[in-house]
Amino acid sequence: MELREVRGAARRQRQPFPPHRRARRSADRRADRVAPTPVSEVASADRCPCLSGETFGECCEPFHLGTRAVPTAERLMRSRYSAYATGRADYVISTWHPTTVPSDLVLDDDTRWYRLDILAKESGGPFDTEGSVLFEAFWRRGDERGSQLEKSRFVREDGRWLYVDGL
């Protein structure tokens with residue numbers, strides 16, 4: 001495995017698509033593409049999985065429920081991380097750009113996402129149309145542990161932030 005230096009510590013580089021998702025692309029981008037996955041129990045009063053310091057009800061839950069618009073690329077990235085952590089594949093798919101969205105998405109119920117570090121961000125503010133967020137997300141599955149380091153690209157279309165891809 002290749003080693004990559006991240007914030008002063010060597011970490012193993014994982015495969016491009018980590019164990020939390022298996023995605024297939026097809027021409028049919030939006031119909032019947034989300035496999036049912038149980039939603040992890042996170043109460044509104046619990047700490048948000050994205051580790052913003054806010055409660056889930058004040059942070060990512062309103063985005064998941066569609067009661068509030070995501071204002072920035074970083075907030076979309078955080079809310080997508082929380083969706084992976086809580087098993088909300090429908091939200092992940094709904095926030096993916098139509099040109100890159102997979103035809104289906106299966107979240108691994110055995111993978112536990114437990115930490116998110118925002119390492120850098122470029123643009124992606126309330127008045128921008130593009131932005132990127134460099135992050136590292138940490139996971140556990142049984143005795144396995146790992147992380148995903150990704151620079152995610154986002155665009156804002158019709159006032160709505162969407163995930164394009166990750167490098």
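Observations
- Region 151-167, residues that are within 19 Å of Leu51 (Cα to Cα) and crowded, with 18+ Cβ neighbours inside 10 Å: Ser152
- Of all residues in region 67-98 being polar (S, T, N, Q) and touching a Ser or Thr at 6+ places or on another chain (Cβ under 8 Å), the one that is farthest from Thr55 (Cα to Cα): Thr95
- In region 58-74 there is no residue that is within 15 Å of Val42 (Cβ to Cβ) and touching a strand residue (DSSP E or B) at 6+ places or on another chain (Cβ under 7 Å).
- A search for C-beta distances below 9 Å between a residue of region 71-95 that is farther than 20 Å from Ile118 by Cα and any residue that is small (Gly, Ala, Ser) and in a helix (DSSP H, G or I), counting only pairs 6+ apart in sequence or on different chains, returns Arg88/Ser82; Ala89/Ala83; Asp90/Ala83; Tyr91/Ser79; Tyr91/Ser82; Tyr91/Ala83.
- Tally of residues being under 15 Å from Arg78 (Cα atoms) and either in contact (Cβ under 8 Å) with a residue 60 or more places away in the chain or among the small types (Gly, Ala, Ser) (or both) across region 118-138: 9
- The set of residues in region 89-132 that are exposed (fewer than 14 other Cβ atoms within 10 Å of the Cβ), closer than 29 Å to Arg145 by Cα and out of contact with any strand residue (DSSP E or B) (no Cβ under 8 Å at 6 or more places or on another chain) contains only Asp109.
Bear in mind these aren't lab numbers, they're just calculated from the coordinates by the rules spelled out. Source: prediction; values computed, not measured. FYI the Cβ positions are ideal-geometry reconstructions off the backbone, even for glycines, and counts take in every protein chain you see.
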